[in-house]
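The structure appears below as C-alpha cells.
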Amino acid sequence: MTFDLCLPAILATAGQRPGSIFGMPEQASTIAGPIDLIYDIITWISLFFFVLIVVLMVYFMIKYRRTSHVANTGGLTHHTPLEVTWTVIPLILVIVIFYVGLKGYVHLTTPPENAYEIKATGQRWFWTFNYPNGATETNILHVPKDWPVKITMRSDDVLHALFIPAFRVKQDVVPGKKTHLWFEATRTGEFDLFCAEYCGTQHSLMIGKTIVYDQDEFEAVIDDLARWIDQVPDDKLHLAGALSYNQCLSCHTLDGSQMIGPSFKETYDLFKSGGTRTLADGSRVTVNEEYLRKSILQPLGEIAADSATGAAYPSSMPTGIGTQLGPRKVESMVQFIMRLDEVAPDGKLLEVKKEDIVVKPSESE
Amino acid sequence: MTTIEATKPIPEPAGDNYLTHTTGIMSWLGTLDHKRIGIMYLVSVLTSFFVAGIFGLLVRTELIAPGQTIVDADTYNRLFTLHGAIMVFLVIIPSVPASLGNFVLPIMLGAKDVAFPRLNLFSYYLWVTGAVFAVGAILMGGVDTGWTFYVPYSTTGTAMGGVVMVATAVFILGFSSIFTGMNFIVTIHRLRPPGMTWFRMPLFLWAIYATGILQVMATPVIGITVALLAVERSFGIGIFDPSLGGDPVLFQHFFWFYSHPAVYIMILPAMGIISELISVHSHKHIFGYKFIAFSSVAIAIFSFLVWGHHMFVSSQSPLMNVIFSAITFSVAIPSAVKVFNWLATLYKGSISLNTPMLYALSFLFLFGIGGLTGLHLGTLATDIHLHDTYFVVAHFHYVMMGSALIAMIGGLHHWWPKMTGRMYSEFWGRIACGLVFVGFNVTFFTQFVLGSKGMPRRYWDYLPEFTVYHVVSTIGSYVMALGFFITAAYLIHSLFGGRRAPANPWGGRSLEWQCTSPPPHDNFATQPHVGDCYDFSVLEWDEQEQGYHWRHDLAHEPGEG
C-alpha cells in the first residue's frame, strides 16, 4: 500500500503544521497532511475560478453599465470553439481532482494488517470503547502514537458517526452491521471526538476526547483501565460508580430534575424509603437492590412512568450496558444509586479520583 | 391588438385584465387561470418562506452562544427539522415552477393557459393539503428527525408524534409537484403556437421543461419511501429498521435517489431565470443559447446518477463511493458552462444595475461559491472530513438559498410589474438586495470555516472554540432578515402606491412583454408574433411611457406579423 501523494516534505512536517491555511484543524494523524494538501489544491483551483468569475463580472458591470436607452445591437451570440474550451478545461480539472481524492480515499479505507483493534459502541448519547485486554472506557478514546489503530464500530440503537477532526476521519455507525475506520496518530495530546450523525435530543452532547500517548504510556493506561475496578474495595465501590456516571448523565440527573429518564435522586429516595415505583403499564414495583440491578441489565423490561405526569419514559436506554461494563462496574453503579447521598450530596457529584479509591495489591497485603 | 395598446402611453390600464376579469373570493379559489393559480402559489410559498425563515432565525439565535440560549435541545431539534422540511418541500421545490412558472410559462410560450388547467388547480390544492398536514405534524408533537428522516431514528428512535403526519405531507406535496411538472411538459410539447420552435423558446422554458422531467421521474420515489417509512413506524413492518430485519442504508439510497434530483428541481428553474435576467437587463443576446439549453438537459440526466455522494460515510461499499464521486464531477461541467456563458452575455452588453439584475449578479457570485465548494464535497478524501459538518450546511445554503431562492427573488422583481401592473421602489429594492447579499455571505461563509474546523451540523450545543464564528453567522442572519423585511414592505407598498407599470419596463423580448401589465385574461387577443426572443435591437425606449416598445422605423410590430 503506497500513497505516493504523501510528498516527503508533507510527511516530515505532518504534525507540526497548524493545518491548512484554509481553516482545517490541527493535524494529528498520518493522513491529515495529505488530505489537507488535496483540500488546499481544490481550494486554490476554486479560488482561481471564483476570482476569474467575479473580476470579469465586476469589470463588465462597470465597463458596460447602461448609460443610455439606445438599444444594443449585435454582439456575439455564440462562439463554438470558445464554448468547447470552457467545457473541456473544467473537465480536465475535475478528472485531476477526482483522481487525487481517490488516492486519499484508498488510503483512508485500507487499514494496515498490524493495526491495533479497538471496539467502539455508539449509544444515545455516549461512546463506549472496548480494548483487547478487557479495558472499557466511556467517551474517551485512548490510542498509541505512531501505531495504526483500527476502530470497529457498532450501534445498539440509531445511526451515529464517529468523527475525529484532527485525524480527518469519520464513519457512520449503523445498527445491524459493523463499520470501521483507521488512523495513525502522529502527536500526543488530547483531540476532540464528535458524534456527527444526528441521533436525537442530546446529539450535541455525544462528544468526547481522543487521547494519544507514547506507546509505553499507552500500555500502562489501558492496563490500568482493565484492572482498576477489581482493585476497588467493596466498601468504596459506590465511589467507583461516580467514575462511570458520565455515561448516565445525559438522561439521569442527580438533583431530582427530570430529563429523558428518572432522576437518580428520585430512585434513591424511593430506595431509601422502601417505596414503590409506578411503571408505564400501571403496575408497581418495589425499588430495592434487585430492581436497580435489573434496570441496568435489562433496561427495557420495566419502563418507569414519570412520577409527576404519569407518562411513560421513552424506551431509549441502551441494552448493552451490562456487557460493556462487566459485572463489577454494574455493581458499582448499583452501589452508586443506593448510596447517592454520600456520592452526590445535594445533587452535586463528589470529585472522585481513581487513585484515591484503588488499593494496589502490594498495599493491601 | 393587445400589443398595440401596450405601445401607447397609458396612465391607466385599458380595460380588462386577469385581476379585474372576475371578482369575489370564489373567482380566485375556483379559478382555472394559470396566472391566478400562479399568484395563489406565490402568496402561499412566500408565507411558508416567512414561517420557515422565522424558524431559521430562531435556530441562529439559539446558536449565538454555547449551551442553552433560548430553547432546549428538543425544541431546537424541532426547529431545524421544520426549517429544513418547510423550506425544501413547501418553499423551494414549488417556488419557481409553481409560482413564477405558472404565471409566465404559458405567456412566454404564446399560449392561453397550461395544457390541463383543472389539474393545475388540483395541484395547488394538493399543496394546500400538504401544508395542512405539515401544520398537523407540528400540533401532534412535532418532528425532530431532520428533513432527511433517517431511519431507524425516524421509525423507532424518536418519541415525537409528528413523523407519520409529516411523511403524509411530503407524500401529498410530491403529487402536487408531479402534476405541475407533467402539466408543464405537456404544455411545452403541445401548446407551442406557430413559429415557437424548440430553439426559439426562452431558456427559462428549457429549464422548466428539464425540471418537469425530474419532477415526474424522481418524485414518485420519495412518495414510496415516505409511505414505507410510515408503514414501518405505524405497523412495525420491517423495511429499514435492522431490529425488524430491515436495512437503514437502503432508506438513504431511496431518499437521495429523489432528494438529489430535487436539488436540481430547485436550481434548474433558477438557472432559467438567470438566463432571462442577464440577457434582458444587459440588452444583449444570450451567449451560446444551445449550450445553455442542452446543459439544462444534461444536468437533469446526470442528476439521477449521483445520489450516492450523500453517502460516502454511510457504510456503502468503497467501490460505489468511487463510482458516485466520479459521476458527481460530471455535473460540474454543464454548471460551469452556464456560468461562463452568462459572463460572455454580459460582455459588451448594456448592463442596467436595477434590482432584478443585482439579484442575477448576486446569483453569479453566490452560485460560484456554492458550486465550487461542491468540488470539496465531491472529492472522496476531503468529503470524509467535511461530511455532516457546517461545511455541508454552508454549501447547500449557497446553492439552495444563495442560488435558487435569490434567483427566485430576482425573478419576482423581474416579473412583478407584469404580475401586479405596478412598479416597486428601485431605491429600496437595491438597498434590500445589498442587505440580503451581505447578510447571506456573513451568515454562511462563516459556516464554511466552522465546518472545515470540524463543527458537526445539527448541534444544539457546541465547544467554546466555535463561539466567535457562530456569533458572526447569527449577526449575518439578522442583516439578511432585515433585507427581506424591507423587500416585503416595499413590494406590498407598491401594490397600493406603486407607479403603474408599462407593458415592457425592462425591454424584454419574450412574449410576456408583448401583452399589457397586468396581462388580459386570455393573455393574447391575437396570436403573438414569435421572433428571436433575445434580439433586443428591435426595441426602443419611450420616455413618456417609461418603458420599451417596438421601433417605429421597423416594418411591422409584434402581434401583427
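In table form, for the structure just shown:
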| read-out | value |
| --- | --- |
| Counted residues, the range A:77-122 - those being closer than 19 Å to A:Leu52 by Cβ and part of a loop (DSSP other than H, G, I, E, B) | 1 |
| Out of A:Gly19, A:Gly23, sole residue that is at pLDDT below 90, part of a loop (DSSP other than H, G, I, E, B), closer than 30 Å to A:Pro148 by Cβ and more than 8 Å from chain B (Cβ to nearest Cβ) | A:Gly19 |
| Exclusive hit being within 14 Å of chain B (Cβ to nearest Cβ), surrounded by fewer than 20 Cβ atoms within 10 Å (Cβ to Cβ) and outside any helix (DSSP H, G or I), set A:Pro314, A:Pro299, A:Pro318 | A:Pro314 |
| Residues of the range A:84-117 classified as surrounded by 15 or more Cβ atoms within 10 Å (Cβ to Cβ), of a type in the set (Phe, Trp, Tyr) and at pLDDT 90 or above, total | 3 |
| Helices (runs of 4 or more DSSP H) (entirely within the range B:295-403) containing at least 3 residues that are at the interface with another protein chain (Cβ under 7 Å from one of its Cβ atoms) | B:318-346, B:355-378, B:380-386 |
| Condition check for B:Thr382: in contact with a His (Cβ under 6 Å, 6 or more places away or on another chain) and either touching a residue at least 12 places away in the same chain (Cβ under 8 Å) or crowded, with 24+ Cβ neighbours inside 10 Å (or both) | yes |
| Some residue of the range A:121-140 being closer than 26 Å to A:Asp36 by Cα, surrounded by 21 or more Cβ atoms within 10 Å (Cβ to Cβ) and within 14 Å of chain B (Cβ to nearest Cβ) | no |
| Residues within the range A:198-216 that are free of Cβ contacts under 8 Å to residues at least 40 places away in the same chain and loosely packed, with under 14 Cβ neighbours inside 10 Å, tallied | 1 |
| Unique residue being more than 20 Å from the chain's Cα centre (by Cα), under 26 Å from A:Thr67 (Cβ atoms) and among the small types (Gly, Ala, Ser) when the list is B:Ser282, B:Ser315, B:Ser325, B:Ser275 | B:Ser282 |
| Answer from B:Arg430, B:Arg458 - the residue that is assigned to a helix (DSSP H, G or I), of a type in the set (Lys, Arg) and more than 19 Å from B:Leu100 (Cα to Cα) | B:Arg430 |
| Extreme residue, farthest from the other protein chains (Cβ to nearest Cβ), among residues of the range B:145-165 that are within 26 Å of the chain's Cα centre (by Cα) and closer than 22 Å to B:Met311 by Cβ | B:Val163 |
| Selected residue [over 25 Å from B:Phe184 (Cα atoms) and touching a residue at least 60 places away in the same chain (Cβ under 8 Å)] from B:Arg118, B:Arg60 | B:Arg60 |
| Residues within the range B:425-466 that are surrounded by fewer than 24 Cβ atoms within 10 Å (Cβ to Cβ), away from chain A (no Cβ under 14 Å) and of a type in the set (Ser, Thr, Tyr), tallied | 1 |
| Helices (runs of 4 or more DSSP H) lying entirely in the range B:66-175 (those with 1 or more residues that are among the basic types (Lys, Arg)) | B:73-85, B:117-139 |
| Subset of the range A:180-203 [polar (S, T, N, Q) and modelled with pLDDT of 95 or more] | A:Thr186, A:Thr188 |
| Conditions (1) modelled with pLDDT of 90 or more; (2) part of a helix (DSSP H, G or I); (3) in contact with a Phe, Trp or Tyr (Cβ under 7 Å, 6 or more places away or on another chain): number failed by B:Ala262 | (3) |
| Any chance B:Ser275 is at pLDDT 95 or above, of a type in the set (Ser, Thr, Tyr) and part of a helix (DSSP H, G or I) | yes |
| Counted residues, the range B:467-488 - those being among the hydrophobic types (A, V, I, L, M, F, W, C) and within 14 Å of chain A (Cβ to nearest Cβ) | 2 |
| Qualifying residue in the range B:428-449 (condition: within 30 Å of B:Phe324 (Cα to Cα) and of a type in the set (Ser, Thr, Tyr)) | yes |
| Number of positions in the range A:188-206 that are part of a loop (DSSP other than H, G, I, E, B), at the interface with another protein chain (Cβ under 7 Å from one of its Cβ atoms) and more than 13 Å from A:His160 (Cβ to Cβ) | 1 |
| Qualifying residues in the range A:155-187 (those that are under 29 Å from B:Arg78 (Cβ atoms) and more than 8 Å from every other protein chain (Cβ to nearest Cβ)) - the one nearest to the chain's Cα centre (by Cα) | A:Leu162 |
| Residue within the range B:67-77 that is small (Gly, Ala, Ser), touching a residue at least 24 places away in the same chain (Cβ under 8 Å) and either touching a Lys or Arg at 6+ places or on another chain (Cβ under 9 Å) or closer than 19 Å to B:Ala404 by Cα (or both) present | no |
| Selected residue (criterion: nearest to B:Ala159 (Cα to Cα)) from residues of the range A:292-325 that are in contact (Cβ under 8 Å) with a residue 24 or more places away in the chain and charged (D, E, K, R) | A:Asp306 |
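Listed here are the residues, each with its yes/no results for (1) within 19 Å of B:Leu482 (Cα to Cα); (2) surrounded by fewer than 17 Cβ atoms within 10 Å (Cβ to Cβ).
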| residue | (1), (2) |
| --- | --- |
| B:Lys35 | no, no |
| B:Met40 | no, no |
| B:Ser44 | no, no |
| B:Ser48 | yes, no |
| B:Ile54 | yes, yes |
| B:Arg60 | yes, no |
| B:Ile70 | no, yes |
| B:Ala73 | no, no |
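The values are calculated or read from the model by the stated rules, or taken from the named source; none is laboratory data. Here the structure is a predicted model, which is why all the values come from computation and not from measurement. FYI the Cβ positions are ideal-geometry reconstructions off the backbone, even for glycines, and counts take in every protein chain you see.
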